[in-house]
Amino acid sequence: MLVCVPAGAQPVVSGTTGTWTHKGTVTVTGSSFGSKPAAAPIVWDDAQPRGWGTSSPGKFVLTEVGTRSLLTKLEDTDEASANIWQNLPGFQWYAPVLRAKAGTEILATHRTETNGFGRVPLIVTKTYGAGKILFMGTDGAWRTYGVFDVHAYFIRSFTVNISHGDVFTRNVG
């Protein structure tokens with residue numbers, strides 16, 4: 001999932017064309033966008049274009065930056081929030097990511113899977129133009145809705161945090 005949160009002037013989208021697939025190109029037409037290079041905050045693993053699936057659930061681990069981020073804050077303290085992330089139901093698939101690009105913030109990685117660059121980054125943000133980009137490379141969030149009441153509450157909190165663009169720009173004091 002890539003989410004772009006604009007800051008400042010709001011662009012107006014009049015349409016999209018292209019292919020919404022792995023490494024596909026999508027053109028967004030409208031006004032107030034300007035011209036920008038590719039925005040993905042990660043480098044794809046071309047050797048595994050469909051990603052990785054597993055029968056045993058994978059788990060997130062928050063990075064130091066992720067532990068302090070308002071985006072991943074699901075409880076009042078950093079420690080309590082990190083504990084919630086560690087105990088969420090896992091995911092069965094994750095994206096084919098080699099590494100995060102320079103200038104990004106890795107908020108969470110795969111708890112056990114590594115490659116030549118270290119742990120596989122799963123939640124990554126990057127400043128882009130006047131806004132922010134969020135990459136979330138798993139399929140697991142939807143599994144908690146309506147099944148695990150307590151976990152669904154925290155996933156809804158995460159979703160609300162994503163939808164509030166000011167989460168990206170607020171400073172933690």
- Message: Which residue is surrounded by the most Cβ atoms within 10 Å (Cβ to Cβ), if the candidates are limited to segment 38-48 and must be of a type outside the set (A, V, I, L, M) and closer than 20 Å to residue 134 by Cα?
- Response: 41
- Is it the case that some residue within segment 79-95 is farther than 12 Å from residue 138 by Cβ, surrounded by 19 or more Cβ atoms within 10 Å (Cβ to Cβ) and not hydrophobic (A, V, I, L, M, F, W, C)? yes
- Item | Any chance residue 120 is among the hydrophobic types (A, V, I, L, M, F, W, C), touching a strand residue (DSSP E or B) at 6+ places or on another chain (Cβ under 9 Å) and either modelled with pLDDT of 95 or more or at positive phi (or both) | yes
- Message: Could you tell me how many of the residues in segment 106-133 are buried (at least 21 other Cβ atoms within 10 Å of the Cβ), closer than 19 Å to residue 82 by Cα and not polar (S, T, N, Q)?
- Response: 9
- Note on the structure: Checked segment 96-130 for anything hydrophobic (A, V, I, L, M, F, W, C), under 11 Å from the mean Cα position of the chain (by Cα) and closer than 22 Å to residue 55 by Cβ; matches are 108, 122
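The values are calculated or read from the model by the stated rules, or taken from the named source; none is laboratory data. Treat the numbers as computed from the prediction; the structure is a model and nothing was measured. Cβ coordinates were reconstructed from backbone atoms using ideal geometry, including for glycine residues, and neighbour counts include every protein chain displayed.
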